[in-house]
Amino acid sequence: MNCKDSTDKLKFVSKANQAGKAIRLTEATAMTQSAMWYGNLVNAGKGFETVFSFRMSQGFNATDDGSSPGAEGIAFVIQNSSLTALGFPAGNMGFAGISNSVAIEFDTYNNKTDMNDPDGNHVAVFCNGTNGNYAFHNSQFCLGTSSNIPQMRADNTLYYAKIDYNMEPGKLRVWLDNTGKFDGSPALTIDKFDLAKAINLDNGRAYIGFTSATGDSYQIHEIQSWKYCSSNYYITGVPENKEFYLKFNLPTGGDAEITIFDILGKTVFYSHERELDMGQNSKAVDCRSIPAGIYYCSVKTINNIMVAPFVIQR
Ligand SMILES: [Ca+2]
Ligand SMILES: [Ca+2]
């Protein structure tokens, strides 16, 4: 994986701003929305993993929604619209309205009549292809919803989220906890998800970031940390034949260790490649002795590790 420390190069839209070591997306005021985007397109189409922490405070409910005070929550958004993209406030959470986007929401307020929210504490995934996104749960644009998460409270508790795509082939998975350990099953899994078909990417790349909003009810929303890692290499050839080719970019020249392991972590192929050039490299892998199944391939250099899944079919 090619991991970015995502705190530089941030683009703030509307009221988002740096507040000490955190990024404050909204204040505790009514009817606002804002966004924060990483300033460059990043590789996303082959797969990614992102981990972030966030907290909320000064929660206020104008209307009791049956959950703890505060609204509306935050969303991690993958979009190929623009660096000034911003959706609508209140239950739209700042992402509904952004064209060409996938949003993973962490929703803390029950907009039951507007959005058909199941409750005031859930995660969900929304996509409306290249059109403006929606936050309606009772629609085809809602790819999945789960309320099987810890209660999110506006009391400065730090919550940790992990979202990965294609780390298990075709799956978009969402975790939320208050330890950052992510042990146990994901809170939500979207199966048979193909990001490159869900929205229009730019050569596999998209903008990534966060949106947030308040309605009549509100709270402060802050992102405390964020890391994003993409798979930026690919496998060519036909793995059911005797060999396939691994093509990968190295940011610097030097040695690389190539390892292929199965889903239980058992190594089925290992090669230590010496003094590779910077840039595009290619390695032929003889796979005749590898049984059919799901595998991961990692390319590890002194300062970088890339991991991508693939399937050998026979
Ligand atoms: Ca809501
Ligand atoms: Ca919702």
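No lab work stands behind these numbers, since they all come straight from the coordinates. Note that the structure is predicted; figures quoted are calculated from it, not measured. Cβ placement follows ideal geometry from the backbone for every residue including glycine, while neighbour counts extend to all protein chains displayed.
For the reader, a short list of remarks on this structure follows.
- Here the range 171-314 has an Rg and Dmax of 18.9, 62 Å, counting Cα atoms alone.
- Mean projected area in nm² (Cα convex hull; one quarter of hull surface) for the range 233-312: 4.7
- Highest-first arrangement of 281-287, 98-104, where packing means the average Cβ count within 10 Å: 98-104, 281-287
- For the chain, modelled as a GNM whose springs connect Cα atoms under 10 angstrom apart, the maximal fluctuation among 157, 145, 108 occurs at 157.
- For the chain, adding -39500 (n - 2.57) for each run of n ≥ 4 DSSP H residues and dividing by the number of residues yields -500 deg cm²/dmol at 222 nm.
- If you count Lys pairs in the range 2-230 whose Cα atoms are under 14 Å apart, skipping same-chain pairs closer than 8 places in sequence, the total is 10.
- Prolate/oblate/rounded call for the range 2-230, Cα gyration tensor, a/c under 1.5 rounded: rounded
- Taking a Cβ cut-off of under 10 Å around residue 301, the surrounding Lys, Arg, Asp and Glu residues balance to a net charge of -2, with basic ones at +1 and acidic ones at -1.
- Taken one residue at a time, the phi angles of the range 169-183 give Karplus couplings (6.51, -1.76, 1.60, θ = phi - 60°) of x, x, 10, 10, 10, 10, 10, 8, 8, 10, 10, x, 8, 6, 7 Hz. Gly and Pro are set to x.
- Pairwise centroid distance, computed over Cα atoms, of the range 16-43 with the range 119-175, Å: 18
- Taking the chain and dividing mean pair separation by its residue count, relative contact order in percent (alpha carbons under 8 Å, at least six apart): 24
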